[in-house]
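To start, the structure itself, in structure tokens.
The values are calculated or read from the model by the stated rules, or taken from the named source; none is laboratory data. Computed from a prediction, not measured in an experiment: that's the story for all the values here. We place every Cβ from the backbone using ideal geometry, glycine too, and count neighbours over all the protein chains shown. Just the protein is used for accessible areas: all its heavy atoms, side chains included, with ligands, DNA and RNA removed. Shrake-Rupley method; radii C 1.70, N 1.55, O 1.52, S 1.80 Å.
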Amino acid sequence: MSYRFALTLFALIFSFGQPESRAQSTVPARALKDSAKFPIGVALNVGNAPGDMADIREIAALINAQFNSIVAENGMKMRFLHPAIDTYDFAAADALADYARTHGMILHGHALIWHHDYQLPVWMKNYQGDWQAMLRDHVQQICQHFAGKVKSWDVVNEAIDNKHPKQYRATLFLEKLGPAYIEQAFIAAHEADPAAVLYYNDFNMESKADKLQFMLDMVDDFQRRHIPLHGIGFQMHVSVDSPAIAQIKTALQAVAARGLKVRISELDVSLNQQQRAASLDPALAQLQKARYREIVSAYVQSVSPAQRGGITFWGLLDKDSWLLDGKPYPDWPLLFDDKGQTKPAYFGVLEGLKE
Ligand code: G3I
């Protein structure tokens, strides 16, 4: 019997009698943020343009009820905050910071340095001057502006080559400065805002042993040289049955063993990468619930309370997920359906938080 079939069988047997599997509940048993002893966050696709905070009006009640941490899915990426070499635009992100402060939430900053073309400022792609001074200024201007408003930063995102995970990714920053750009970014951020908690953020470190080891070697080197890297963000964009929970635990424990903070920074559980499902049936929903539960439980068991930077879900409603962008098939990766109703996955997180 295949693992997936066994899981499905288990889910079918287990799902009967579970109140949420029969009717989606819109009145959660207990809010996520009140059930965790660490930040529980959500990525919001706002902050991209001044005034777009109004876009979250219809979901604000749900955000405020469930979460105590937020992050801009895109709006605090490089080209939004630094659109021209001598221009910083903080208006939209300041509105998000005000929202967080007003509602007693943490604002996590994502991301000071990332290679992805969508958010690389055009001027930076063509920059011909002193790259070290320019990137230092980029990081420091932003960190100084948000000091006291942003509690933690993804200082560098996805610097390790995912296809060849025993080397750094060949980015514009690596080309211009070599691997030193990474430590330079952390040093600059720490000088600009000594109170900010500084993370290295990446994906597949929980599924690729070589990528995990390469990151750990970087961390060990930074710790030897007292580079101010305070934590690791595991994006954790996973599927319902991969990677194995044992591998996830190994990865989380390896970072925790180094005394660093650990964030699950972009959690979602895709259900339809094989494009087999046309709709979210109860058995699949129960599989997703079990998956969310085991990941959250693994985090609680693997990371000490003092080291828990928190768990952030990469979107609120299923329809908001980046996983649907441009895809010809549906998916249901998050905790709330398109109407904002709790899915079984939500209860899986609650159960994982109690373990
Ligand atoms: O805003 C434009 C819109 O005007 C245009 O009509 C539309 C179609 O071209 O594109 C819209 O911009 C899109 C943007 O998301 C806002 O929705 C971009 O094309 C699209 O590339 C961008 O994707 C984001 C992606 O990062 C690239 O920055 C996703 O929303 C976001 O979820 C994703 O998040 C990343 C993390 O930052 C890092 N970890 C991986 C994660 C998933 O890729």
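Things worth noting here:
- The chain, relative contact order [Cα under 8 Å, separation at least 6], %: 19 percent
- Based on DSSP H segments of at least four residues, each scored -39500 (n - 2.57), the chain has a per-residue ellipticity at 222 nm of -12000 deg cm²/dmol.
- Taking the inverse of the mean reciprocal distance over all distinct Cα pairs, the Kirkwood hydrodynamic radius of the chain comes to 20.8 Å.
- Shape of segment 73-219 from the C-alpha gyration tensor: oblate (a/c of 1.5 or more and a/b not above b/c, with a ≥ b ≥ c the square roots of its eigenvalues).
- Principal axis extents of the C-alpha atoms in segment 250-355 (largest first, rounded to whole Å): 43, 27, 23.
- With 22 Å as the limit, the listed pairs 151/261; 166/289; 125/211; 249/343; 249/354; 37/339 have 166/289; 125/211; 249/343; 37/339 beyond it between alpha carbons.
- Ligands, DNA and RNA are left out, and with a 1.4 angstrom probe the accessible area of segment 9-354 is 40 Å² per residue.
- Tilt relative to the chain, helix 131-146 - C-alpha long axis, 0 to 90 degrees, to 10: 60 degrees
- Relative to the longest principal axis of the Cα atoms of the chain, the long axis of helix 245-256 makes an angle of roughly 30 degrees.
- Neighbourhood net charge (13 Å Cβ-Cβ; Lys/Arg +1, Asp/Glu -1) for residue 75: -3
- Ignoring lysines fewer than eight residues from residue 149 along the same chain, the ones with Cα atoms less than 17 angstrom from its Cα are 77.
- Debye log10 I(q)/I(0) for segment 171-304, one point scatterer per Cα, at q = 0.11, 0.12, 0.15 Å⁻¹: -0.47, -0.55, -0.78
- Between the helical axis of 344-354 and the longest alpha-carbon principal axis of the chain there is an angle of about 70 degrees.
- Accessible carbon and sulfur surface of segment 9-354 relative to its total accessible area, %, 1.4 Å: 53 percent
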